[in-house]
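Taken together, the values in this text are just the output of simple stated rules run on the coordinates, not laboratory data. These numbers come from a predicted model, not from an experiment. As a convention, Cβ positions derive from the backbone with ideal geometry for all residues, glycine included, and neighbour counts pool all protein chains shown.
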Amino acid sequence: VSAQSFDGVREAMIVLTRSWDELKLIRKNGWLASADHPDIDPLRSATTVRDHLNACAEMKEVDAYADDFRTWLTESREGTSRLVELLTDCRAEGVGEASLAVHAEALEAAYDVVSESRLECHSVYRNR
């Protein structure tokens, strides 16, 4: 559960965009923090996105949204939970190319679930 509270789904989504952008950078860098952005921690960014999505799911406001929104939110929550799980495993195994190589396919699959759900949701609810 997120320690941060939000004034509605819209605000939570705006705030989580920064962490999602961080995840995109991390992915481009092979799931490692980059020299250009050493302050961006892969596990922290994934956890923040997951926690913000979980906070959204707990809002009463979500009940008023159509089934497609709730489905995409669920898919995104599951995908980010999987990212957190995998990045936690990588950290426990010693963050590095060898550990990431073992999990690379699963990391990409989890990322793709979130990315696709996000794009579909935005095409209906944000980008209109």
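Going toward the positive end of the dipole of the chain, with +1 on Lys and Arg Cβ and -1 on Asp and Glu Cβ, which of Val9, Leu107, Val84 do you reach last?
Positive-most Cα among the choices belongs to Val9.
Distance in nm between label sites at Glu78 and Glu105, each 7 Å beyond Cα in the beta-carbon direction?
2.0 nm
With each label point set 7 Å from Cα along the Cα-Cβ vector, what nm distance links Ser34 and Arg91?
Each label point is offset 7 Å from its Cα along the Cβ direction, giving 2.1 nm.
Over every pair of different alpha-carbon atoms in region 81-123, take the mean of 1/r and invert it; report that Kirkwood radius in Å.
The Cα-based Kirkwood calculation yields 11.0 Å.
Each label point is 7 Å from the Cα along the Cα-to-Cβ direction; what then is the distance between the points at Ala57 and Asp112, in nm?
2.2 nm
Let me spell out the model: positive unit charges on the Cβ of Lys and Arg, negative unit charges on the Cβ of Asp and Glu, origin at the Cα centre of the chain. What dipole size does that give, in debye rounded to 20?
280 debye
Using 1/(1 + (r/R0)^6) with R0 = 22 angstrom and r between the beta carbons of Arg44 and His122, what's the FRET efficiency to the nearest 0.05?
0.40
Which value, in Å to one decimal place, does the Kirkwood hydrodynamic radius take for region 50-99 when every pair of different Cα atoms is included?
Here the Kirkwood hydrodynamic radius works out to 12.3 Å.
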